[in-house]
Amino acid sequence: MKKVIIATKNKGKLAELEEPLQELGFSVEILPADYPEIEENGASFEENALIKARFVSRDLNCIAIADDSGICVDYLDGNPGIFSARYANDYVLLPGETKDQANNRKLLHLMRDVPMEKRQCAFHCAMAVVFPDGKEIIAHKTWEGRLLFEARGTNGFGYDPLFLDEELQLTGAQMEKSVKMGRSHRAKALQAVIEAFRSLEK
Ligand code: ITT
């Protein structure tokens, strides 16, 4: 059985990646809790995904899979984009507020006067696999939607409560995980990576 390490500290991503990889027959490991932060200084989702997967693959001599993702809002010229995780770093957390909630609060504030017809957005996910022999796979996929004026739903993580899938009329946080994994940026990127992985093995 091929062993893969998921190079992420984000529990939401891990919850979405671990099971599908196991179902595909991989033995999946996660990073130790005290694993150092990897500096994400790339200029694109792809560069950052590769930085994370290369670092872990070389450091732990394993097949590593990493995801760099975020939400791009048309009205904000594609921001927060690759800065999605650190978007509200310039905000003081309210009592009991998580980082994800502060990110959402900032985004809602900046978009407060923008009408629904100008609130198109998309989740992006670049997923990279790096092998110990240096082989690499990269895929970049999106999930289009609209940014709501308030949070809806409690599933998922990050910006899910604000992101409306217009076809289903549900936010990412109102969907069961299995529904999100039939539609999301991450699910599509994972699928593309798996297909490339399989053809490398042939
Ligand atoms: P790792 O680098 O350890 O993987 P991270 O959280 O720092 O974890 P990123 O730099 O890729 O990961 O940032 C992703 C950001 O985009 C973060 O704020 C997430 O909450 C958000 N995000 C990504 N995918 C999402 C999804 O499916 N639903 C909601 N928010 C998502």
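General observations
- Bridge type composition, the chain - antiparallel percent by DSSP, nearest 5: 80
- Within the accessible area of segment 133-202 (1.4 Å probe), percent carbon and sulfur: 48
- MRE, 222 nm, helices only [DSSP H, n ≥ 4, -39500 (n - 2.57), over the chain, to nearest 500]: -9500 deg cm²/dmol
- Where Rh is the Kirkwood radius over Cα pairs, Rg/Rh for segment 22-85: 1.06
- Per residue, the solvent-accessible area of segment 1-47 (1.4 Å probe, heavy atoms of protein chains only, all protein chains present) comes to 59 Å².
- Between 0 and 90°, nearest 10: helix 185-201 axis offset from the chain longest Cα axis: 10
- Of Met1, Met116, the order by accessible heavy-atom surface (1.4 Å probe, DNA, RNA and ligands excluded), from most exposed downward, is Met1, Met116.
- Val92 exposes around 120 Å² of accessible area when a 1.4 Å probe is run over every protein chain in place.
- The convex hull around the C-alpha trace of the chain, projected and averaged over every direction, spans 11.7 square nanometres.
- Sparse-neighbour loop sites [GluC sites (Glu not before Pro); segment 26-87; at most 12 other C-beta within 10 Å; DSSP]: Glu37, Glu39
- Rounded to the nearest 20 debye, the dipole size of the chain about its Cα centre is 180 debye, using +1 on the Cβ of Lys and Arg and -1 on the Cβ of Asp and Glu.
The values are calculated or read from the model by the stated rules, or taken from the named source; none is laboratory data. Just so we're clear, the structure is a prediction, and the values are computed from it rather than from any experiment. Neighbour counts are summed over all protein chains in view; Cβ atoms, including those assigned to glycine, are modelled from backbone coordinates with ideal geometry. Ligands, DNA and RNA are stripped out before the accessible areas are found, and what is left, the full protein with its side chains, is counted by its heavy atoms. Shrake-Rupley method; radii C 1.70, N 1.55, O 1.52, S 1.80 Å.
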